[in-house]
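Trainee: Mind looking over this structure? Questions follow.
The values are calculated or read from the model by the stated rules, or taken from the named source; none is laboratory data. The model shown is predicted, which means the values in this text are computed figures rather than measured ones. Neighbour counts run over all protein chains shown; Cβ positions are idealised from the backbone, glycine included.
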């Protein structure tokens, strides 16, 4: 059975996550259905797409399906990961993607919200980015999705604490465009979609692509890129990631241990030119 429901009317596509047995976890199978829907709507030249849950449950999405993450010693978020493909599909879709959020949004689903163009939520919504609970190293593209949307202090708070931000504050800091009462959420979201669909699709498509390119125009030299990748490798080869995944699967709190400051291969602290030791 498909894990999403789709509809298309008045130039507006709808993709509704519908796998509540797993709290709409972003599994490979569910993401494949979402990507197929985006492909179909692209062919139909949709002027807006609403991304939502199929029913008003407590959890909008629980995020990346942790059971599909590698246990250790492998990059958990490579370029070809289905979740990374989904982020790129949302950002490069030629029409605005509007997220309609009822309930809590966790982990990778929180980044998915950041990738959407407009976010409308009700008072039940909350947003948490949770890799620190798993000891999971995040990638540069993921950080950029947050940094391009939110104040830096809020990004740090979200990643460092992994705690949820409620609907009212989410609107204040820029996670969502607006919060509305739950009984008005659907009407307000589709009113926004209809407004967008009535404007010039050619102009809006150009606006969206220009904004995407400009927001991602961050100059990173090769040394810096290798340094960032080295930081990530040191985590997913290290004990915290293995412990975090194992603790999740065993349904217990993780026991992360204190680690020493990374040092370069020559045993010196990094001075801006050297890189941390890679296991």
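Trainee: Quick check on residue 188: is it surrounded by fewer than 14 Cβ atoms within 10 Å (Cβ to Cβ) and assigned to a helix (DSSP H, G or I)? Write out each step before concluding.
Mentor: On the way: surrounded by fewer than 14 Cβ atoms within 10 Å (Cβ to Cβ): no; assigned to a helix (DSSP H, G or I): yes.
Taking the combined requirement at face value, the residue does not satisfy it.
Trainee: Right, something else. Can you go through 119, 154, 196, 176 and tell me which one is within 18 Å of residue 52 (Cβ to Cβ) and in a helix (DSSP H, G or I)? Reasoning before the result, please.
Mentor: On the way: 119 fails: in a helix (DSSP H, G or I); 154 fails: within 18 Å of residue 52 (Cβ to Cβ); 176 fails: in a helix (DSSP H, G or I).
Being within 18 Å of residue 52 (Cβ to Cβ) and in a helix (DSSP H, G or I) holds for just one of 119, 154, 196, 176, which is 196.
Trainee: Just checking, does the range 41-49 include any residue being surrounded by fewer than 20 Cβ atoms within 10 Å (Cβ to Cβ), part of a loop (DSSP other than H, G, I, E, B) and in the same structural domain as residue 137 (by TED's automatic domain parsing)?
Mentor: From the range 41-49, those surrounded by fewer than 20 Cβ atoms within 10 Å (Cβ to Cβ) are 42-45; that's our starting set.
Pick out the ones that are also part of a loop (DSSP other than H, G, I, E, B) and you get 44-45.
Those left that are additionally in the same structural domain as residue 137 (by TED's automatic domain parsing): 44-45.
The answer is yes, given that some residue of the range 41-49 is surrounded by fewer than 20 Cβ atoms within 10 Å (Cβ to Cβ), part of a loop (DSSP other than H, G, I, E, B) and in the same structural domain as residue 137 (by TED's automatic domain parsing).
Trainee: I've got another one for you. Scan the range 80-104 residue by residue and report those that are free of Cβ contacts under 8 Å to residues at least 24 places away in the same chain and part of a loop (DSSP other than H, G, I, E, B).
Mentor: Residues of the range 80-104 that are free of Cβ contacts under 8 Å to residues at least 24 places away in the same chain, as a first pass: 80-81, 88.
Within the range 80-104, 80, 81 qualify.
Trainee: A further question follows. Looking at (1) modelled with pLDDT of 95 or more; (2) crowded, with 17+ Cβ neighbours inside 10 Å; (3) closer than 26 Å to residue 104 by Cα, which is the one condition that is false for residue 201?
Mentor: Going through (1) modelled with pLDDT of 95 or more; (2) crowded, with 17+ Cβ neighbours inside 10 Å; (3) closer than 26 Å to residue 104 by Cα one by one, residue 201 breaks only (3).
Trainee: Give me the residue from the range 19-40 that is outside any helix (DSSP H, G or I) and touching a strand residue (DSSP E or B) at 6+ places or on another chain (Cβ under 6 Å) and, out of that set, surrounded by the fewest Cβ atoms within 10 Å (Cβ to Cβ). Working first, answer last.
Mentor: Going through the range 19-40, the residues outside any helix (DSSP H, G or I) turn out to be 19, 23-27.
Those left that are additionally touching a strand residue (DSSP E or B) at 6+ places or on another chain (Cβ under 6 Å): 23-24, 26.
Numbers: 23: 20, 24: 27, 26: 26.
It comes out as 23.
Trainee: Still on this structure, I have one more. So if I check each of 196, 220, 180, 213, which one is surrounded by fewer than 13 Cβ atoms within 10 Å (Cβ to Cβ) and in contact (Cβ under 8 Å) with a residue 60 or more places away in the chain? Please lay out each step first, then the result.
Mentor: Details: 196 fails: surrounded by fewer than 13 Cβ atoms within 10 Å (Cβ to Cβ); 180 fails: surrounded by fewer than 13 Cβ atoms within 10 Å (Cβ to Cβ); 213 fails: in contact (Cβ under 8 Å) with a residue 60 or more places away in the chain.
Answer to the check: 220.
Trainee: Further, regarding this structure: Of (1) surrounded by fewer than 18 Cβ atoms within 10 Å (Cβ to Cβ); (2) at pLDDT 90 or above; (3) under 29 Å from residue 215 (Cα atoms), residue 56 satisfies all except one. Which?
Mentor: With respect to (1) surrounded by fewer than 18 Cβ atoms within 10 Å (Cβ to Cβ); (2) at pLDDT 90 or above; (3) under 29 Å from residue 215 (Cα atoms), residue 56 is out only on (3).
Trainee: Now for a different question. Residues of the range 141-153 being over 23 Å from residue 84 (Cβ atoms) and crowded, with 16+ Cβ neighbours inside 10 Å, which ones?
Mentor: Correct list: empty.
Trainee: Here is a further query. Looking only at the range 1-18, which residues are over 17 Å from residue 108 (Cβ atoms) and either modelled with pLDDT of 95 or more or assigned to a helix (DSSP H, G or I) (or both)?
Mentor: Filtering the range 1-18 for residues over 17 Å from residue 108 (Cβ atoms) gives 1-2, 5-14, 16, 18.
Listed by number, the residues that qualify are 5, 6, 7, 8, 9, 10, 11, 12, 13, 14, 16, 18.
Trainee: From the residues in the range 157-173 that are under 21 Å from residue 120 (Cβ atoms) and assigned to a helix (DSSP H, G or I), which one is nearest to the chain's Cα centre (by Cα)?
Mentor: So in the range 157-173, the residues under 21 Å from residue 120 (Cβ atoms) come out as 158, 164-173.
Subsequent filtering for residues that are assigned to a helix (DSSP H, G or I) retains 158, 167-173.
On the way: 158: 13, 167: 17, 168: 20, 169: 19, 170: 15, 171: 17, 172: 19, 173: 17 Å.
The selected residue is 158.
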